[in-house]
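Student: Dropping the structure in here first, questions after.
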Amino acid sequence: MNVLSIKRLIWLLIVALTLVSVARAETFRVDDIRVEGVQKVSAGTIFNYLPIKVGDTVDAQIIRNAVRVLFKTGFFRDIQIRREGQVMVVVVQERPAIASIEYTGNKELKDEDIEDLLSRNGFSTGKVFNQPLLDRVTQSIEDEYFSRGRYSARVETTITPMPDNRAGITLDIDEGRRAQIREIKIIGNQQYSDAQLRNQMSLDTSKWHSVITHDGRYSKAELTADVERINSFYLDRGYLEFKVVETDVSISANKQDLFVSIVVAEGSQYTVGKVGVEVVGDIARDDVAQLIMLEQGAVYSRQDLIASQTAIEEMLADRGYAFANVNGIPEQRRDTAIVNFTFIVDPGPTVYIRRINIIGNEYTRDEVIRRELRQLEGAVYSLSKIRRSRERLAKLGFFRDVSIQTPRVSGVIDQVDMLVEVEERSTGNFNFGVGYSGSEKLLLQAEIARENLFGTGRELRFKVDHSALTKVYDVAYRNPYYTTHGVSREVFVAQRDVDATEVDSADYHEDTTSGGVRYRIPLTEYDSMALSAAVEDITLASTVDTPIEFGDFIDNHSQSTTLLLSGSLVRDTRDNRLFPSKGFWNRATAEISFPGSDLEFYTVSARSVWYRPIGKNLTFGLNGQLGYGAGYGELDTLPFYKNFYAGGARSLRGYKARSLGPQSVGTGKQSLGGSKRVVFGGELKFPVPGLEDSRDKRLVLFFDGGQVYSKTESIDVSDFRFSTGLAFEWMSAIGPIAFSYAIPFNDSLEDNVEHFQFTLGGLFR
């Protein structure tokens, strides 16, 4: 006899004894009711449940029924009803209250998972203890382990009495060993092999490397998902009547081995017959028909059907029909295995945006968010404008997450509200970098920036670069909405001092003071133009050790003032500025010194990055940089301080920063940079294992290549340098952090190789 049977027998005995006692009671009129034994349960609660009231005439049967009613509340372990004259006395013994719940031994199930199971079963501290409810909780936890392939999991419970009629509950969890899938059998498939169908499944049999790959682990949820994947596989290949007849999971006697079988019925392969369109309202049939991907005579595909319905719904949603109903109705001809389709299109009413509500912005002003929205209050609903609004907000870089919902307005069929919810991130960044170079010794870089100054969207930046060679101070202030039409203006001043005599480098002195203004003018939703004007005042000085490549230029142009004009065109379709998964960013830039300046030269450059999602969590990216510069008028070369460089985390990883390209003659060769640059690369970005849900961390497999050339050198592919490696990128609270390990695979003895590189600050491509 098990524990539950014994408990049930004791309960029946108590009830029987109670009934015996009350059976002797005579019929009497109740003049008063008294309750005894209550501690936590109030007497009023008992009176509410008690089916007997003062003034009632009761007998043994009525009292028996009252006892049953009170027992059903679950509050009491014992109940007695006796008569004292004309007073009915209800004596109760309460069940203890749950004082604490502790659980041990859980590793696979997190604490929050256990707490969720307890909550779903209504088992928590403060509530009345109930043994059947505890048994149900125990079974729920074991069932959860069973669904994960741990069929030997067991939960032992301990009930510890405590003062004041309370009890402490301890759940001792033995997770047991996870059963391994030894065999997956598919039955009934004729058109496609077991291997083809197994490729659609995430579940797999246990192998020698399963300790690392986790193959062989069973999950009920994964099996359900695999069945749906197989179903989709067949439906996308024309098997309209396909179904999974049965799934079976059997376990060995020792509960360590699992055997999975899936029984399928393929049916016939269908081709598409006639495709018709029926439209309710004023929508043009041709507008609908051109979006249908099902073609007469082609093999039927559910994927094409769904894509067709989605395309039609999105077209209608972009025209204001937010609640359009599109159904592709099939007509099966089993004798010919042909399926005809009629698309029934009901656009519904034209929908308007009643109100735009913004939540989650504790620091950022509403106006900063609203000016990025392309969907406006009172306007017709537009799906593309709503999506574009979310993209623009995400690209600001002020928010970790942006979501837009459009709930219906109650009682109205043609209005919705637009709910914009943002999760802010810190926009006050302190970016810091430390390094060491044999030529420049200790390298320090610091940048204090406020991208969202006082929540206005404006940016204030102060940057310092400090080394034995170079000292740079840069201050800039940018207003992204200098005009109401979105023209931005940035004002900047900078001071740059170079003293190469302090390091083991080619000697020269440079003192540059510059200042100017930049404007960015939006052209379309994705295109913009930037114009800038700046004045540079430069003083150059040579020493006895200045290399000839620099010395001749310094002798002729020791002091110069140059008015620089620059312009650029940018097209940006990225879905996110920090961690884009799709789209591209292209920029073409031209810079020229104004004719009549002390130095007359120009540079042109182009940069492009392109992203494409691959599956759910993979992003593939390509990038490229081109640059060219030269002098004009009386100047026959590009000033050496305007040269292009390559190498380092910003361009070609695996080589020291700015180290590639032409070198100075003589001993102690130093990189001079060049007037031509070609840099390119490819990246595969994916989540960090175990952190798949993280939005601010990722791993990157990369391939970099490129080179820099002097004025007299021609671009030669054989001179390109290449590297490959792995990088970790993290958008931390203090700015983006990147670690990379690169392996150059065609470096020369003259190259400065640097395998490991670390950067803290705005470094992402």
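Student: Taking the stated definitions as given, is Ser410 polar (S, T, N, Q), farther than 28 Å from Gly238 by Cβ and in a strand (DSSP E or B)? Talk me through it step by step, then tell me what you get.
Tutor: Details: polar (S, T, N, Q): yes; farther than 28 Å from Gly238 by Cβ: yes; in a strand (DSSP E or B): no.
Judged against the criteria, Ser410 is not a match.
Student: For Leu203, indicate whether it is surrounded by 14 or more Cβ atoms within 10 Å (Cβ to Cβ), closer than 27 Å to Asp257 by Cβ and touching a helix residue (DSSP H, G or I) at 6+ places or on another chain (Cβ under 6 Å).
Tutor: The answer is yes for Leu203.
Student: While we're on this one: Could you tell me which residue of region 541-564 is surrounded by the most Cβ atoms within 10 Å (Cβ to Cβ), considering only residues that are without any contact (Cβ under 8 Å) to a residue 60 or more places away in the chain, closer than 26 Å to Ser597 by Cα and acidic (Asp, Glu)?
Tutor: Top of the filtered list is Asp552.
Student: When region 585-600 is examined, which residues are found to be part of a strand (DSSP E or B) and under 15 Å from Ala533 (Cα atoms)?
Tutor: Matches in region 585-600: Thr589, Ala590, Glu591, Ile592, Ser593.
Student: Regarding Glu314, is this residue under 13 Å from Gly273 (Cβ atoms) and either at pLDDT below 95 or not assigned by TED's automatic domain parsing to the domain that holds Glu278 (or both)?
Tutor: no
Student: So which of Arg64, Arg34 is without any contact (Cβ under 8 Å) to a residue 60 or more places away in the chain, over 57 Å from the mean Cα position of the chain (by Cα) and part of a helix (DSSP H, G or I)?
Tutor: On the way: Arg34 fails: part of a helix (DSSP H, G or I).
It is Arg64.
Student: Do any residues in region 565-580 that are within 17 Å of Leu684 (Cα to Cα) have Cβ atoms under 6 Å from those of residues that are among the aromatic types (Phe, Trp, Tyr), where the two are at least six apart or on different chains, and which pairs are they?
Tutor: Arg574/Trp585; Pro580/Tyr611
Student: May I ask you to verify whether Arg677 is over 21 Å from Ala646 (Cβ atoms), touching a residue at least 40 places away in the same chain (Cβ under 8 Å), among the basic types (Lys, Arg) and out of contact with any Pro (no Cβ under 8 Å at 6 or more places or on another chain)? Write out each step before concluding.
Tutor: Numbers: over 21 Å from Ala646 (Cβ atoms): no; touching a residue at least 40 places away in the same chain (Cβ under 8 Å): yes; among the basic types (Lys, Arg): yes; out of contact with any Pro (no Cβ under 8 Å at 6 or more places or on another chain): yes.
Answer is no for this residue.
Student: What number of residues within region 254-273 satisfy the criterion of being charged (D, E, K, R) and either free of Cβ contacts under 8 Å to residues at least 40 places away in the same chain or assigned to a strand (DSSP E or B) (or both)?
Tutor: 1
Student: Still on this model: Count, please, the residues in region 566-578 that happen to be surrounded by fewer than 17 Cβ atoms within 10 Å (Cβ to Cβ) and either in the same structural domain as Ser384 (by TED's automatic domain parsing) or part of a strand (DSSP E or B) (or both).
Tutor: Count: 3.
Student: Would a scan of region 247-267 turn up a residue that is touching a strand residue (DSSP E or B) at 6+ places or on another chain (Cβ under 6 Å), of a type in the set (S, T, N, Q), surrounded by fewer than 15 Cβ atoms within 10 Å (Cβ to Cβ) and farther than 30 Å from Tyr145 by Cα?
Tutor: no
Student: Can I ask one more? Quick one: Ser714 ticks every box in (1) of a type in the set (Gly, Ala, Ser); (2) at pLDDT 90 or above; (3) assigned to a strand (DSSP E or B) bar one, so which box is it?
Tutor: The failed condition is (3).
Student: Check whether at least one residue in region 430-446 is at pLDDT 90 or above, assigned to a loop (DSSP other than H, G, I, E, B) and farther than 18 Å from Arg478 by Cα, and report yes or no.
Tutor: Of all residues in region 430-446, those at pLDDT 90 or above come to none.
Within region 430-446 (the criterion being at pLDDT 90 or above, assigned to a loop (DSSP other than H, G, I, E, B) and farther than 18 Å from Arg478 by Cα), the answer is no, since none of the residues qualifies.
Student: Oh, and also: Restricting the search to region 593-613, which residues are surrounded by fewer than 18 Cβ atoms within 10 Å (Cβ to Cβ) and either of a type in the set (A, V, I, L, M) or in contact with a Ser or Thr (Cβ under 6 Å, 6 or more places away or on another chain) (or both)?
Tutor: Asp598, Glu600, Val604, Ser605, Ala606, Pro613, listed by residue number.
Student: Here are some residues: Thr724, Thr759. Which one is hydroxyl-bearing (Ser, Thr, Tyr), farther than 28 Å from Tyr602 by Cα, at pLDDT 90 or above and not in a loop (DSSP other than H, G, I, E, B)? Explain how you work it out, then say what you get.
Tutor: Working: Thr759 fails: at pLDDT 90 or above.
Result: Thr724 is the single residue among Thr724, Thr759 that is hydroxyl-bearing (Ser, Thr, Tyr), farther than 28 Å from Tyr602 by Cα, at pLDDT 90 or above and not in a loop (DSSP other than H, G, I, E, B).
To keep it simple, each residue is scored yes or no on (1) in contact with a Leu (Cβ under 9 Å, 6 or more places away or on another chain); (2) touching a residue at least 60 places away in the same chain (Cβ under 8 Å).
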{"residue": "Glu108", "(1), (2)": "no, yes"}
{"residue": "Phe123", "(1), (2)": "yes, no"}
{"residue": "Asn130", "(1), (2)": "no, no"}
{"residue": "Arg136", "(1), (2)": "no, no"}
{"residue": "Gln139", "(1), (2)": "no, no"}
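Student: Of the residues in region 354-396, how many are surrounded by fewer than 16 Cβ atoms within 10 Å (Cβ to Cβ), in a helix (DSSP H, G or I) and more than 22 Å from the chain's Cα centre (by Cα)?
Tutor: 3
Student: Here's something else I'd like to know. Of (1) without any contact (Cβ under 8 Å) to a residue 24 or more places away in the chain; (2) within 24 Å of the chain's Cα centre (by Cα), Ile329 satisfies all except one. Which?
Tutor: (2)
The values are calculated or read from the model by the stated rules, or taken from the named source; none is laboratory data. For clarity, every value in this text was computed on a predicted model and none was experimentally measured. Counting neighbours? That spans all protein chains shown, and the Cβs are built from the backbone with ideal geometry, glycine included.
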